[in-house]
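K.L.:
Before anything else, here's the structure in question.
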Amino acid sequence: MRILVIGSGGREHALCWAIAASPLVEKLYCAPGNAGIADDAECVPIGVMDTAGITDFAKKEKIDLVVVGPEAPLVAGLVDALEAEGIAAFGPSAAAAALEGSKGFMKDLCAREGIPTAAYRRFTDTEAARAYIAARGAPIVVKADGLAAGKGVVVAATVAEAERAVDDAFSGKFGAAGAEIVVEEFLAGEEASFFALCDGTHALPLAAAQDHKRVGDGDTGPNTGGMGAYSPCEAVTPEIEAYVMEHIILPTLRAMARDGRPFKGVLFAGLMLTSEGPKLIEFNCRFGDPECQALMMRLQSDIVPALLATRDGVLNRVDLRWYDQSSICVVMAANGYPDDPQRGTEIRGLEAAGAEPDVKVFHAGTKRDGARILADGGRVLGVTATGPDLSAARDRAYRAVDRIVWPGGFFRRDIGNRGPR
Ligand code: AMP
């Protein structure tokens, strides 16, 4: 088979690495890819939002399956454009990706279907939003409706902070994504990421994972795309998994199919494990990053038949096996991330790090300059390791991290500390 992966992050490197291991694959491309992906796939310089460029390339190269990693091209309709040209694509249609693309859409669906989630209201004007916040009090959560690269959510400790968040959104801080907002109840508890492959009708749960969103040790500093992740996540017990499938994933699939927007791809439920049971914080319509890096290291089965079955609607015939091991991904980011990451600094020691046992160094924002590897983004590397338990995996990952010589970057020392010791 000839496969094209879309994206350039650690998630896409992990997907390319897993896909390249399949005996079914004859040729693997990635658009646009990065310096590490180039070891597993041929990188082609086409941007993820260049729908026409991607479609033309897929036709010319007779691609059998396009696998779309990031949310922006999914929400913009890349899968629709490819399928309209007769090219099979893994990922939801734009109509189905609205589960991530519009928080208001997702919340209305939950309300209609009785899916457990925070109480909420949607607003398009300041006065009504302020009145609701005053009536509910703090803490309270204010969210831009559309995609805002993870920056559109404010968990406000005070009414004044919530009001500022409303003003920010309506003054255009998030562009069109903030023209509408959702104000919702604050949920307390432990967070977990739950992933399921969905083919429109059937859902196959994948392993659960937990990520670390804050930039600094001890969960301090601003939110990021994710500074590390580990899997499995002990907090997601088999009972919780069964509950999430029955009360969150399957009712969503049924509702989406009924609405004429069947969901195919990865449905990623961000959960809060509250004292009243698991509640949905948000849906994403693709793999999480860095969670995907931790998950792919634990996947024993060939991923390609599962991707095809998801697209073809026959996921009920697929059974995925996982290594009974723990995995952990430690993200290394460029100094200044998340606000203003410094680009162009040299990274050394990558070979020594990758030679550590049971370690894979996934690349995100990197580029090659002759023999040198340079930082070229915010999150730059995902140093990922497996081990018989979380503590062994963590030791291996940090041993590899310590072999990387990169004064221009930083990482958290406490990834996985929330899990079992
Ligand atoms: P989201 O982009 O919706 O996942 O929100 C980003 C982060 O904000 C989540 O991972 C949570 O840590 C936090 N968050 C979002 N909604 C809530 C909520 N209703 N209650 C508490 N924390 C929340």
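K.L.:
Can you give me the number of residues within the range 174-203 that are open to solvent by 20 Å² or more (accessible area, probe 1.4 Å) and more than 9 Å from the ligand (Cβ to nearest atom)?
P.N.:
Count: 9.
K.L.:
Right, next: Kindly evaluate ASN417 against the criterion of being under 16 Å from TYR230 (Cβ atoms) and open to solvent by 30 Å² or more (accessible area, probe 1.4 Å).
P.N.:
Considered against the rule, which asks whether it is under 16 Å from TYR230 (Cβ atoms) and open to solvent by 30 Å² or more (accessible area, probe 1.4 Å), ASN417 comes out as yes.
K.L.:
Any residue in the range 174-186 that is among the small types (Gly, Ala, Ser) sitting within a Cβ distance under 6 Å of a residue that is open to solvent by 60 Å² or more (accessible area, probe 1.4 Å) and within 12 Å of the ligand (Cβ to nearest atom)? List the pairs, counting only those 6 or more apart or interchain.
P.N.:
Hits for this filter: ALA177/LEU147.
K.L.:
For the structure I just gave you, tell me whether GLY218 is under 22 Å from VAL401 (Cβ atoms), within 16 Å of the ligand (Cβ to nearest atom), open to solvent by 20 Å² or more (accessible area, probe 1.4 Å) and under 21 Å from the mean Cα position of the chain (by Cα).
P.N.:
Working: under 22 Å from VAL401 (Cβ atoms): yes; within 16 Å of the ligand (Cβ to nearest atom): yes; open to solvent by 20 Å² or more (accessible area, probe 1.4 Å): yes; under 21 Å from the mean Cα position of the chain (by Cα): no.
Answer is no for this residue.
K.L.:
For the range 68-80, how many residues meet the condition of being touching a residue at least 24 places away in the same chain (Cβ under 8 Å) and surrounded by fewer than 24 Cβ atoms within 10 Å (Cβ to Cβ)?
P.N.:
6
K.L.:
With the condition kept exactly as written, say whether any residue in the range 408-415 is among the basic types (Lys, Arg), in a loop (DSSP other than H, G, I, E, B), touching a helix residue (DSSP H, G or I) at 6+ places or on another chain (Cβ under 9 Å) and more than 24 Å from ASP340 (Cα to Cα).
P.N.:
no
K.L.:
Give the range 276-287 a look and list any residue that's more than 10 Å from the ligand (Cβ to nearest atom) and more than 15 Å from PRO73 (Cα to Cα), or say none.
P.N.:
Those that are more than 10 Å from the ligand (Cβ to nearest atom) and more than 15 Å from PRO73 (Cα to Cα): GLU276, GLY277, PRO278.
K.L.:
Which condition number does LYS60 fail, the rest of (1) closer than 22 Å to LYS27 by Cβ; (2) open to solvent by less than 10 Å² (accessible area, probe 1.4 Å); (3) free of Cβ contacts under 8 Å to residues at least 24 places away in the same chain being met?
P.N.:
Unmet condition: (2).
K.L.:
Are there any pairs, at least 6 apart or on different chains, whose C-beta atoms fall under 7 Å, with the first in the range 392-419 and within 13 Å of SER326 (Cβ to Cβ) and the second open to solvent by 60 Å² or more (accessible area, probe 1.4 Å) and not in a strand (DSSP E or B), and if so, which?
P.N.:
Listed by first residue and then by second, the contacts come to ARG396/PRO357; ARG396/ASP358; GLY419/GLU234.
K.L.:
Strands (runs of 3 or more DSSP E) wholly in the range 177-234 with at least 2 residues that are of a type in the set (Gly, Ala, Ser) - which ones?
P.N.:
Passing ranges, in order: 190-199, 228-231.
K.L.:
Also, I was wondering about something else. What number of residues in the range 106-137 are more than 10 Å from the ligand (Cβ to nearest atom), open to solvent by 40 Å² or more (accessible area, probe 1.4 Å) and under 29 Å from the mean Cα position of the chain (by Cα)?
P.N.:
8
K.L.:
Only residues that are within 14 Å of the ligand (Cβ to nearest atom) and touching a residue at least 40 places away in the same chain (Cβ under 8 Å): list them for the range 154-173, please.
P.N.:
None - no residue of the range 154-173 is within 14 Å of the ligand (Cβ to nearest atom) and touching a residue at least 40 places away in the same chain (Cβ under 8 Å), so the list stays empty.
K.L.:
Please return the ranges of strands (runs of 3 or more DSSP E) entirely within the range 284-380 where 1 or more residues are surrounded by fewer than 22 Cβ atoms within 10 Å (Cβ to Cβ), out of contact with any Cys (no Cβ under 6 Å at 6 or more places or on another chain) and of a type in the set (A, V, I, L, M). It would help to see each step written out before you state the result.
P.N.:
On the way: elements: 326-334, 359-363, 366-369, 372-375.
Passing ranges, in order: 359-363, 372-375.
K.L.:
Could you figure out which of (1) of a type outside the set (A, V, I, L, M); (2) within 16 Å of the ligand (Cβ to nearest atom); (3) open to solvent by less than 20 Å² (accessible area, probe 1.4 Å) isn't true of PRO92?
P.N.:
(2)
K.L.:
For the range 256-283, enumerate the residues that are at positive phi and either open to solvent by 10 Å² or more (accessible area, probe 1.4 Å) or not in a strand (DSSP E or B) (or both).
P.N.:
Listed by number, the residues that qualify are GLY260, GLY277.
The values are calculated or read from the model by the stated rules, or taken from the named source; none is laboratory data. All of these numbers come straight from a predicted model, not from anything done at the bench. Reconstructed Cβ throughout: ideal geometry from the backbone, glycine too, with neighbour counts over all protein chains shown. Surface accessibility is based on the protein's heavy atoms, side chains included, excluding ligands, DNA and RNA. Shrake-Rupley method; radii C 1.70, N 1.55, O 1.52, S 1.80 Å.
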